[in-house]
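The values are calculated or read from the model by the stated rules, or taken from the named source; none is laboratory data. This structure is a prediction, so every number in the text was calculated from the model and none was measured. Because the Cβ atoms are built from the backbone with ideal geometry, glycine has one as well, and the counts that use them run over all protein chains shown. Surface areas here come from the heavy atoms of the whole protein model, side chains and all, with no ligands, DNA or RNA. Shrake-Rupley method; radii C 1.70, N 1.55, O 1.52, S 1.80 Å.
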There are 2 protein chains.
Amino acid sequence: MTDIPEPRFSLDEVRREGLLQPPATARTPHDGTGRVDLAFTVADAPGKEPTQRGVRVPPGVTVFDAASWNGIAIDSTCGGHGTCRKCKVRVEGGRVPLTQHDVRTFSEKELADGWRLACLVRATHDLHVDVPPLTTRPKAATVGVGRQVILRPAVQKRYVELAEPTLSDQRTDLERLLAAIDDLELTCDLAVLRRLPKVMREADFKVTAVVVDEELVEVEAGDTSAVRHAIAFDLGTTTVVATLLDLDTGTPLAVASMLNRQQPFGGDVITRISATMMDPDALGRLQEAAAATLRELADQVCAEAEVDPAHVYEVALAGNATMTALALGIDPEPLGVAPFVMTTASPPTALASDLGLALHPRARATIFPSLGAYVGGDIVAGMLATGMDRDKRVRLFVDVGTNCEIVLSDGDTLLATAAPAGPAFEGGAIRCGMRAADGAIETVRLEPDLLAEHAPVTLGVIGDVEPRGLCGSGLVDAVAELVKVGLVDASGRYVPDADAPGIAPALADRLTKVGDERVFVLHRPDADADPAECVYLSQRDIRELQFAKAAISTGWTLLMEQLDLRAEDVQQVLLAGSFGSYLSPASAIRIGLVPTLPVLRIVSAGNVAGEGAKMALLSMREREGARALLEEVTYVELSDRPDFNDRFVEQLAF
Amino acid sequence: MTDIPEPRFSLDEVRREGLLQPPATARTPHDGTGRVDLAFTVADAPGKEPTQRGVRVPPGVTVFDAASWNGIAIDSTCGGHGTCRKCKVRVEGGRVPLTQHDVRTFSEKELADGWRLACLVRATHDLHVDVPPLTTRPKAATVGVGRQVILRPAVQKRYVELAEPTLSDQRTDLERLLAAIDDLELTCDLAVLRRLPKVMREADFKVTAVVVDEELVEVEAGDTSAVRHAIAFDLGTTTVVATLLDLDTGTPLAVASMLNRQQPFGGDVITRISATMMDPDALGRLQEAAAATLRELADQVCAEAEVDPAHVYEVALAGNATMTALALGIDPEPLGVAPFVMTTASPPTALASDLGLALHPRARATIFPSLGAYVGGDIVAGMLATGMDRDKRVRLFVDVGTNCEIVLSDGDTLLATAAPAGPAFEGGAIRCGMRAADGAIETVRLEPDLLAEHAPVTLGVIGDVEPRGLCGSGLVDAVAELVKVGLVDASGRYVPDADAPGIAPALADRLTKVGDERVFVLHRPDADADPAECVYLSQRDIRELQFAKAAISTGWTLLMEQLDLRAEDVQQVLLAGSFGSYLSPASAIRIGLVPTLPVLRIVSAGNVAGEGAKMALLSMREREGARALLEEVTYVELSDRPDFNDRFVEQLAF
């Protein structure tokens, strides 16, 4: 009995873990790494053929979570706390521990046959699970990258009609209410208690209880059970996006986005962190700037959907570690200097008002945890939205930005790291660089042959206006095309002027100089314009991109070596972030930003952070999945890797 | 395995209950009522003879709690959460369930020998427990009515010197700190996280963690571990008392008391409740009046003891249900009208700032739970201080005031009720009545015999000044003496003037009239003063007292019948409340306020509510004991007893 595996769970989970009797005669316990296999047989409807589903999950996950994470519905109203006793399944495979809740739920025969409450059975070894037909058909929504999510929001509403108290029934108001929703075990906030007696009596004891997770946050007169909303925030360094959700249907009602009001303090996280180091008031002002941004967006989406902000009971926030710290008013300084330490990986559940939001006064804020100072909650949300931890394929997740986050999964092990890509992708240090806005060149096609029917230079410009500059994807395209036509050699240098006409006659004249720096002119306002007035790509710009892509490819190269994988093993590359969705897979491959693979294996995943935030609001299970990622993903720090620089140099070549 | 007793514990306890494996082969499980017997063998010191102690506790209590409640010390640093693994004991008697924590703590041999963690073993049947010698000698303090309390405050401080982070040790600040105090499992508030990075670095990672219960509420630079304070409040309707405690030594540093600033709204709870019913703003003003009272007292005690209010990390509040509701801003209306319903019996743990206090910003407020609308937290605190639930004797607890609370214990069962004593004891409706203040007659001795060496009337006056009126105890004394000398008959009527000289020659002349009401003059300002200017006792005053004592004695009579007890069975009567401590046992017996017993069995317990509040601050165990009382005590509602009025009439006679 002494070889019980040490638990790998949070305090709460350890408490629930306690519900497990030591699996005395269990098969050799799982060593706590890798995955376990669960074979589900789901009785969809009486009569219908049951469906078979195999899933792999980290050991220790409950059968209920494992099912929900994979879109398999099991009855439940309590959200997996062993209180509603609805999530009955039959489990086979080795000895399955018993809990007191099982003992109170099933007959001895049923227990002997393997019936258990799915929310209390931990998958410590491979199991076969029979799921009976659902008594209630759960709602589901499709979010993230084709993820089917069963709706089990933390926000629940229960309409109850209570018996009025009498001298022979002097139960307190709270007891009376909680007894009517006894499938939940709730705490109650003082603010609710203050109003409770009046609300109950003015409503003739017909009230709607508003629950967030395990807390009773409001009691409303009459039946308001259909009205429950939440807002998902993707708090980017540059852009902030808010999505208002109807939690009853899982549908987004309104979306709004705006630039982060912290911009005046600097374009990237480092400049904002240094701002707090130079000026003691800056932290407070940055916090307020974040709050103002979130407030404005919340007002916009509520106004657009005509939703009363007081009916928004929860928000979710996904941002990188610095944005998260600033929004919460946590001093970010240690994030900015080696050894790059976070104050905490998992911020405590806060109130929306802690973020400066004016929604329901007790509205909760669930903040995505961070894996490291430079692999933040936005990436964790992205992994959730892309199901990085629930996929047997070898997948590479790359979020390209000033800081580039990379996650690699071989189906069992998950590695994550951050590569300092530098400002190239934000169009920062690029001479004619600009953000992906109207006038930005986002695609470039070069035709070296004078006699081709194509124009020598074909530009895709955002907003179809006169080109004003190059955004990140245009930059990648331009360099990729120049490498393809041979005007830029593998070392990243422009070929000598003398050689240009021989290599690309139709383009040679565009290779010229601005000051004493060699440039390639992409767009001339008019035929005889001075190169300095044109949109061009300079030798130094190419170096910038070169360094960025070298950093990134060094990142995934090192991760792939750690998992003993070769480029061709990668079955899917997910390009994330607003930049990733602009980037053309072909050019990304051509400059070596991603491994050399069939283009179709490279998927632009879009704003996955926002999708992950939505999922956390729609499903407690998904939220716990995000927390579980902290345990599952190994964070690899590159900056102290002795071989980093050699690899970096190797990767410089195009 | 299906006959597990349903748990009778709070959510948290149910969670911990989960740690128990179903006692498959256990002896017939306890039916969940009455008590179980625990026989402790305590190895005081190596070499010394072990002491034997038998204790009786409600089933389900952990062995650790049972020991602490009875002053038996067992090693522990985590406060009984199964995390520090120090509370090792050897348990015998039936099969004792195992927990995973036991499995991780003991060898198989030790487990077979019955070694367990005392904080996880629930006493579901009689047990014998061997307690090894203490590795650390715990501090203890004597509080309440001779209660020895082992110091285990919810407020703990831990000084730690942490290793500075490096690239190879990027643990977050919070992880780093918590790892150094891993015998506790803590949550951390956002407010602490905001300061954490700066505090840790400015203090070179040498900091003191301040913990309240399971929450990290502060991190202080350097070693402040010796400085921790708390304030116990006895929030009376009339008087409020504050005691500042040094939690390191358990000693009170300062005590202050003042009149409740809610007085202007009315002298008793009913008038204050009606105030809120008549004026919508009154609740807010009453809440602020309570806050102002508590603030002023807190300032006083901190100033007197020269303690920085920021070093007060917790307060405890004991008050009746109405005072508690008003202090928390909870609408008290349902308490004032039948069927007399509370909003909640156990207010959630709040912040001291919720009570309007300006101490440490995260200082907690632990509020005593109430048994009923008229048996409030002050009585629960009183039961704690007097150990009503830990005593095998038959005991009667009477808190005499406008509302009189009565608790009866036969050593197993605990009953509580409230009797509407009316204002007599507050000197309210009494013609010459006054509060127990300077000038109040508190004792009366009458000498009927003309030739006795004693004066006919001997008065004990508070402050040794000219008598101004009668306080409650003086009233009881006066009536008792008049009954004794025969000037008042058993029905409570003054004897006819004609009979007086024959009955009590030395006093007959004092039996006269004010208006058309018969009175007995207790004090004359001067020999020929008009009776109306004297301090006297009127016929109606006697009726007031008669009704009050009838209500009270009806209360305990009904409780005694319910437990099938006779007066002589009562081994101790505890007279509580500021009034109880003035009341002379002899007179209380003589008028039938308490059962007819040897005077020595009647103990004046003093301000037990305040003592209970102190105990809750000094010991988590005692605090849990108070919560447990909610389960153990049966509240008896008198107002719907059909036989109440008959009994009441029976009890009217003196």
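Can you find a residue in segment A:116-128 that is assigned to a strand (DSSP E or B), surrounded by 14 or more Cβ atoms within 10 Å (Cβ to Cβ) and away from chain B (no Cβ under 14 Å)? The answer is yes, given that some residue of segment A:116-128 is assigned to a strand (DSSP E or B), surrounded by 14 or more Cβ atoms within 10 Å (Cβ to Cβ) and away from chain B (no Cβ under 14 Å).
Residue A:387 fulfils the conditions (1) within 10 Å of chain B (Cβ to nearest Cβ); (2) of a type in the set (Gly, Ala, Ser); (3) within 12 Å of the chain's Cα centre (by Cα) except for a single criterion, (1). When the residues of segment B:332-358 are filtered to those that are more than 7 Å from chain A (Cβ to nearest Cβ), farther than 30 Å from residue B:312 by Cα and in contact (Cβ under 8 Å) with a residue 12 or more places away in the chain, the one that is surrounded by the most Cβ atoms within 10 Å (Cβ to Cβ) is B:335. Of all the criteria given as (1) over 30 Å from residue B:409 (Cβ atoms); (2) buried (at least 17 other Cβ atoms within 10 Å of the Cβ); (3) among the hydrophobic types (A, V, I, L, M, F, W, C), the one not satisfied by residue B:87 is (1). Of note, residue A:149 satisfies the criterion of being in a strand (DSSP E or B), within 28 Å of the chain's Cα centre (by Cα), more than 14 Å from chain B (Cβ to nearest Cβ) and surrounded by 17 or more Cβ atoms within 10 Å (Cβ to Cβ). When segment A:515-555 is filtered for residues that are among the aliphatic types (A, V, I, L, M) and under 25 Å from residue A:466 (Cα atoms), the ones remaining, listed by number, are A:519, A:521, A:522, A:527, A:529, A:532, A:535, A:537, A:542, A:545. Can you tell me which of (1) open to solvent by 70 Å² or more (accessible area, probe 1.4 Å); (2) in contact with a helix residue (DSSP H, G or I) (Cβ under 6 Å, 6 or more places away or on another chain) is the one residue B:521 doesn't meet? Looking at each condition in turn, residue B:521 falls short on (1). Here residue A:158 clears all of (1) open to solvent by less than 40 Å² (accessible area, probe 1.4 Å); (2) modelled with pLDDT of 90 or more; (3) more than 14 Å from chain B (Cβ to nearest Cβ) except the condition numbered (1).
Would you confirm whether or not segment B:207-217 contains a residue that is within 12 Å of chain A (Cβ to nearest Cβ), at pLDDT 95 or above and farther than 24 Å from residue A:352 by Cβ? Checked against the condition, which is being within 12 Å of chain A (Cβ to nearest Cβ), at pLDDT 95 or above and farther than 24 Å from residue A:352 by Cβ, segment B:207-217 yields no hits at all. Per the conditions (1) out of contact with any Leu (no Cβ under 6 Å at 6 or more places or on another chain); (2) open to solvent by less than 10 Å² (accessible area, probe 1.4 Å), the sole criterion not satisfied by residue A:378 is (2). Do we find a residue being within 11 Å of chain A (Cβ to nearest Cβ), among the β-branched types (Val, Ile, Thr) and under 30 Å from residue A:328 (Cα atoms) anywhere in segment B:227-238? For segment B:227-238, residues within 11 Å of chain A (Cβ to nearest Cβ), among the β-branched types (Val, Ile, Thr) and under 30 Å from residue A:328 (Cα atoms): absent.
If you go through segment B:197-206 one residue at a time, do you hit one that is modelled with pLDDT under 95, open to solvent by 20 Å² or more (accessible area, probe 1.4 Å) and more than 7 Å from every other protein chain (Cβ to nearest Cβ)? No, there is no match, as no residue in segment B:197-206 is modelled with pLDDT under 95, open to solvent by 20 Å² or more (accessible area, probe 1.4 Å) and more than 7 Å from every other protein chain (Cβ to nearest Cβ). Exactly one residue out of B:418, B:365 is under 29 Å from residue B:301 (Cβ atoms), within 13 Å of chain A (Cβ to nearest Cβ) and assigned to a strand (DSSP E or B), and it is B:365. Exactly one residue out of A:594, A:573, A:519 is under 34 Å from the mean Cα position of the chain (by Cα), part of a strand (DSSP E or B) and of a type in the set (Val, Ile, Thr), and it is A:573.
The residue of segment B:638-654 that is nearest to the other protein chains (Cβ to nearest Cβ), among those that are within 28 Å of the chain's Cα centre (by Cα) and in a loop (DSSP other than H, G, I, E, B), is B:640.
Kindly indicate the residue of segment B:588-621 that is out of contact with any Phe, Trp or Tyr (no Cβ under 7 Å at 6 or more places or on another chain) and among the charged types (D, E, K, R) and also modelled with the lowest pLDDT among those meeting that condition. Among residues in segment B:588-621 that are out of contact with any Phe, Trp or Tyr (no Cβ under 7 Å at 6 or more places or on another chain) and among the charged types (D, E, K, R), the one modelled with the lowest pLDDT is B:590. Of everything listed in (1) outside any strand (DSSP E or B); (2) in contact with a helix residue (DSSP H, G or I) (Cβ under 7 Å, 6 or more places away or on another chain), the single unmet condition for residue B:406 is (1).
The set of residues from segment A:303-331 being under 23 Å from the mean Cα position of the chain (by Cα), free of Cβ contacts under 8 Å to residues at least 60 places away in the same chain and more than 7 Å from every other protein chain (Cβ to nearest Cβ) comprises A:321, A:325. The conditions of being open to solvent by 10 Å² or more (accessible area, probe 1.4 Å) and touching a residue at least 12 places away in the same chain (Cβ under 8 Å) are met by residue A:597. Listed here are the strands (runs of 3 or more DSSP E) enclosed by segment B:155-242 that have at least 2 residues being in contact with a Gly (Cβ under 6 Å, 6 or more places away or on another chain) and touching a residue at least 60 places away in the same chain (Cβ under 8 Å): B:229-235.
Under 30 Å from residue B:575 (Cα atoms) and in a loop (DSSP other than H, G, I, E, B): is that true of residue B:525 in this structure? It is false that residue B:525 is under 30 Å from residue B:575 (Cα atoms) and in a loop (DSSP other than H, G, I, E, B).
For segment A:101-114, the condition holds for at least one residue, the condition being that it is farther than 16 Å from residue A:43 by Cβ, in a loop (DSSP other than H, G, I, E, B) and open to solvent by 20 Å² or more (accessible area, probe 1.4 Å).
Across segment B:313-371, the number of residues qualifying as out of contact with any helix residue (DSSP H, G or I) (no Cβ under 8 Å at 6 or more places or on another chain), modelled with pLDDT under 95 and under 22 Å from residue B:188 (Cα atoms) comes to 1.
Per-residue answers, yes or no, for (1) polar (S, T, N, Q); (2) out of contact with any Pro (no Cβ under 9 Å at 6 or more places or on another chain); (3) in contact (Cβ under 8 Å) with a residue 60 or more places away in the chain:
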{"site": "B:488", "(1), (2), (3)": "no, yes, yes"}
{"site": "B:501", "(1), (2), (3)": "no, yes, no"}
{"site": "B:508", "(1), (2), (3)": "no, no, no"}
{"site": "B:518", "(1), (2), (3)": "no, yes, no"}
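The lone criterion from (1) in contact with a strand residue (DSSP E or B) (Cβ under 7 Å, 6 or more places away or on another chain); (2) open to solvent by 40 Å² or more (accessible area, probe 1.4 Å); (3) in a loop (DSSP other than H, G, I, E, B); (4) not polar (S, T, N, Q) left unmet by residue B:389 is number (2). Quick one: is residue A:264 open to solvent by 60 Å² or more (accessible area, probe 1.4 Å), at pLDDT below 95 and within 27 Å of residue A:404 (Cα to Cα)? The answer is yes for residue A:264. So which of B:336, B:329, B:319 ends up being in contact with a Gly (Cβ under 6 Å, 6 or more places away or on another chain) and within 22 Å of residue B:236 (Cβ to Cβ)? It is B:319.
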